[in-house]
Every structure is written in structure tokens, then in C-alpha cells.
1. So which residues in the range 170-184 are closer than 20 Å to Leu108 by Cα and either in contact with a strand residue (DSSP E or B) (Cβ under 8 Å, 6 or more places away or on another chain) or aliphatic (A, V, I, L, M) (or both)?
2. Quick check on the range 184-242: of everything there that is β-branched (Val, Ile, Thr) and under 18 Å from the mean Cα position of the chain (by Cα), which residue is surrounded by the fewest Cβ atoms within 10 Å (Cβ to Cβ)?
3. For Tyr196, work out the one condition from (1) out of contact with any Leu (no Cβ under 8 Å at 6 or more places or on another chain); (2) outside any helix (DSSP H, G or I); (3) among the hydroxyl-bearing types (Ser, Thr, Tyr) it doesn't fulfil.
4. Given the structure, is Phe160 of a type outside the set (Lys, Arg), in contact with a helix residue (DSSP H, G or I) (Cβ under 6 Å, 6 or more places away or on another chain) and exposed (fewer than 15 other Cβ atoms within 10 Å of the Cβ)?
5. I'd like the residue in the range 263-297 that is β-branched (Val, Ile, Thr) and closer than 21 Å to Ile190 by Cα and, out of all such residues, is nearest to the chain's Cα centre (by Cα).
6. For the range 172-182, does any single residue satisfy the condition of being buried (at least 16 other Cβ atoms within 10 Å of the Cβ) and outside any helix (DSSP H, G or I)?
7. Give Asp119, Asp143 a once-over and let me know the one that is part of a loop (DSSP other than H, G, I, E, B) and not β-branched (Val, Ile, Thr).
8. How many of the residues in the range 279-311 are in contact with a His (Cβ under 9 Å, 6 or more places away or on another chain) and of a type in the set (Phe, Trp, Tyr)?
Amino acid sequence: MAETITRSRLEKILKSGYQAVTSECGPPRSSDPSHIIEKGEMIRNHVDSINITDNQTSVTRLCSLAACIHLKQLGVDPVLQMVVRDRNRIALQSDILGAASFGINNVLCLSGDHQSFGDNPQAQNVFDLDSMQLIQTVRHMRDEGKFLSGDVIKVPPNLFVGAAANPFGDPFKIRVPRLAKKVACGAEFIQTQCIYNLDKFEKWMEGVRERGLHEKVFIMAGITPLRSVGMARYLQKNVPGMDVPDALIERMKGVEKNQQAQEGINIAVESIQRLKEVKGVAGFHVMAIEWEEKVPEIVERSGLYPRPQID
């Protein structure tokens, strides 16, 4: 009898033609999982899946896999973020099997922030594989049913494979070709960097469509609400690959300080409403960093709620 393949909610939503909504949570710097459980409960009804970051900014936290398991036990569809900074190909393949054993069916393959940014700058980085090779590894394990060594996997892991894309990094002309490489490696969905420069993002999407990439991969536009003009300035000046237009900073400056957070939410909602109409945008990844309580409002006001019922 043929084995039934379980697919994630995220995969089902995207392949059914709906615009998907994902969000993300950062695990705590603690062995107490209540933090991640509370956040999962807060946003679960407004999103299709929740990403769990993997020691983001190279700071030691509860591991992504354990946090994903806690979400899975809530009945939430988790996206396991996996960076190649900390683990070699043995450990990466082992964690892929571990995720699959708990019915975690989404993985986002990433490089990871350099350890010099984190709490252990003296740590050895690994980078045995790069993020594109990790995409290939997950696809090889799933589709060929084999480890990188060539040995057969008795029950292969079934994972929907994602990657990140930054439409704004320099030089701009390589942004679409870089996406094409990730698609060629086997990425099935893409979550982008936070989008503030909508004109530039739409120009990137033109290039994506010219190469037909929007028909080969599901592209989810990254949205992060601004909490203040200070946050906007910081992102503009200090975060590589982030494009925050001066006009956006002027708009945030134009409202009272105690209204800036709400204005940031208004901008996020307007961005989603505009990008919903862009051909090739398959959904939205709402990254309300340590501000998850605002995700339901953003999703509702953007016309993305209620989420579709799907078997």
C-alpha cells in the first residue's frame, strides 16, 4: 500500500492558489518554552504557518527545532529555520530527520548571521555547506531518498523547502539571478527581506516575471512594521541590504511620537494592500519582531483574514 504523504498547511495553501500568510517568532534565551507558546497562541488563527528563527543575530537561544516541536504540539504549522553557520553536513542531515520525525514539514534554508555579531564572537563558524547546498541537500534527501553519502534513507523526510531573498542588496542587477540560482537548487518558496521601498521591489518582481521565476517558486513578500522614526533611521543606516526611503522617514517624523507605532502599522497595511495586486506575489511574511501582538491587526486590516479552511 502506498504511503500517505503529509503536506504542511503552508504548502497546501500556496498550491491551492491562496495568498499565504506567515509570521515568525524568536525563541527565548531560556529553557522555559512558555514565551514561544504564548506567541504561537497569540497569532495562530491569523497565519498559516509560523517561522522559528535559528539563533538569530548569532545569539544563543532555545534551539529552533525544539521551539518548532512546541508549536507543533499546539497544532500550529511551524517553519524550521536552519542556518549553516553552526552545523556540518552530518548535523544538518540529522536535524532534518529529527524535524520530519515530529511532523514538521517546512524548512527555510539560510546562511546565518556571522558569529562576530553575537554573544560568542570567538565561536568557530562551520559553513561546511552554504545555504544553496542546504537546499539541494533537503531536496536530495526527500526526492532521492538518500543521504549525501549515497546511503538510502528508509523513510525519507517530507519537507517543503524554502529560502530567503533580498531584492535590495547591491549590486541590484544580481538580485534576480541569485534568486534563479536558489530556484535551480530546489527552493519551492521564498520569503523576502523586509520591504519598505515598494517601487524597487516591484522592479525586482518585473525581473522575476521576465525570467518566469514566479511560475517556479512561491514568493512571499516580507513585511516588518516600523515602531518609530528611530527604528526607521536605524534600519536605513545600519542594516546592510535594507532599503528605507527618505520619504518613509519623513512620513514617520510627521506624526506625534506616541502615534508613530500606529503609523508604522498603517504603512505595513498599505504595503500589503498594494503588493497583493503585484503578479507573482504569492503571500506575505509578517515579521513583527517582538511585536507579535500586532500581527492579527495587520492581517485583518490587510484583508487577509479569515484564513482559508483547507483539508
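The values are calculated or read from the model by the stated rules, or taken from the named source; none is laboratory data. Quick caveat, the model's predicted, so the values are computed rather than measured. Ideal geometry is used to build each Cβ from the backbone, glycine not excepted, and the neighbour counts take in all protein chains shown.
1. Arg175, Val176, Arg178, Leu179, Ala180, Lys182, Val183, Ala184
2. Per the stated criteria, the residue is Val239.
3. (1)
4. No: the conditions fail for Phe160.
5. The extreme case among them is Val286.
6. No; the residues of the range 172-182 include none that is buried (at least 16 other Cβ atoms within 10 Å of the Cβ) and outside any helix (DSSP H, G or I).
7. Unique residue meeting the criteria: Asp119.
8. The number of residues fulfilling the criteria is 1.
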